[in-house]
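In what follows, a structure is listed as structure tokens, so that the remarks can point back to it.
The values are calculated or read from the model by the stated rules, or taken from the named source; none is laboratory data. Quantities reported herein were computed from a predicted structural model and do not represent experimental measurements. Here the Cβ positions follow ideal geometry from the backbone for every residue, glycine too, while neighbour counts run over all protein chains shown. In case anyone asks, the SASA skips ligands and DNA or RNA and just uses the protein heavy atoms, side chains included. Shrake-Rupley method; radii C 1.70, N 1.55, O 1.52, S 1.80 Å.
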Amino acid sequence: SSAPTSRAFGYVANGITPGRVSEFAIDSATGVWTQISGSPFVEGASEPHSIAAAPSNKFLYVVNRGDSDVSVLSIDSGTGSIAAVGAPIRAPVNALNLAIHPAGNFLYVTNVLQPGTVSAFSIDRTNGTLSPVPGSPFNAGAGISDSLAITPSGKFLYVTNSPPSIISGYAISSGTGALTPIAGSPFAAGVGAKGIAVSPGGRFLYVSDSYGGTILAYAIDEASGALATVARSPFPAGSHPTALAIDPDGKFLYAINEATLGTISAFRIDQNSGALAPVTGSPFLTGPAASAIVIDPSGRFLSATLQLEDNGKLASFRIDPATGALKAIDGSPFDAGPYPTAVTIVQSK
């Protein structure tokens, strides 16, 4: 089908074998997702699990959990269509989630091991290819490593591990991408640390405590990267909160609640303290099996994958800029292909 005029493209990783990535144009006025010509792109790998775009918006990276490797895909800036760049690069056993350095020169992948590790790769910003960083993978402490987030400054990386429920913090070498544990790491994180997000200003870090049903909030020391618990943290969320997203202005935080019929808890972020307050009307219904979450670069729209095996969906909402409340977009939920595990948005040029 033909795509509407759009400023952005959306990509959904479909966690099946052979793996595929569903490609969409996103209407800048309505937030409607429309599959572009040729979608889905058949990646061919086993069980794509997470996806992220380089800051240049030229390349996508997909972690294939079944094959324990990372696929590199180029993005056509005009059409949004994608194509493979060489063969996937091997990652250690049980690769899970990824994050890309804000400068676009390093990529990090968590590995579900006991204890967990983080693999680091250098990115060739010309062709998007990856090469292992010397010393990789880096130890993430006890437990299974899950989600990871990098501060906007690019100085620090944080990883959730459970059990025991902890946050591993690292300083990132600007030259090599190597990771060095920061003072005080690991930091206590409730009973079931899962999702993680850093505020756009880099002052606060948030972690979903899946077993505790709360969101943990921390202040980040800008010099050392050490974490200090925000007053009144943890903050109540829904049942089994997992994936987190923060709007580009850092005003609102959203958390997927997995163990419900599918809801999103919404919070207003106190700009001074980092404390959270529920948005009126929260939690908002998404539909069954909500999993991944993304906010578009304009901060106007939020979308969540509904991880249905045969006919997965994408529940999309308009964000009220004053209150943070969510209102379903006309036509939502949109078809997202079987078993959508992850979603990302790329701003078109």
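For the range 126-250, the mean projected area of the C-alpha convex hull, equal to one quarter of the hull surface, is 8.5 nm². Annotation: Ser239 carries an accessible surface of approximately 50 Å², with a 1.4 Å probe and no ligand, DNA or RNA atoms counted.
Computed about its Cα centre, the charge dipole of the range 32-183 is approximately 300 debye, with only Lys, Arg, Asp and Glu carrying charge at their Cβ. Take 14-20, 267-273, 213-219 and order them by the average number of nearby Cβ atoms within 10 Å per residue, most first; the result is 213-219, 14-20, 267-273.
Net charge dipole, the range 1-97: roughly 120 debye, given to the nearest 20, about the Cα centre with Cβ charges of +1 for Lys and Arg and -1 for Asp and Glu. Using a probe of 1.4 Å on the protein chains alone, the accessible area found for Glu23 is around 10 Å². The range 217-295 and the range 317-335 have Cα centres separated by 17 Å.
For the range 47-126, give the magnitude of the charge dipole about the Cα centre (Cβ charges: +1 Lys/Arg, -1 Asp/Glu; no others), in debye to the nearest 20. In total the dipole reaches around 140 debye.
Of the residues Ala290, Pro333, Phe317, the one whose Cα sits farthest toward the positive end of the charge dipole of the range 252-349, with +1 on the Cβ of Lys and Arg and -1 on the Cβ of Asp and Glu, is Phe317. Per residue, the convex hull spanned by the alpha carbons of the chain comes to 116 Å³.
Accessible surface area normalised per residue over the chain is 38 Å², counting heavy atoms of protein chains with a 1.4 Å rolling probe.
The calculated FRET efficiency for the pair Asp249 and Ser153, based on their C-beta separation and a Förster distance of 30 Å, comes to about 0.95. Considering only Asn105, Ile82, Val70, the residue lying farthest towards the positive end of the dipole of the range 54-157 is Asn105, judged by Cα position with unit charges set on Cβ.
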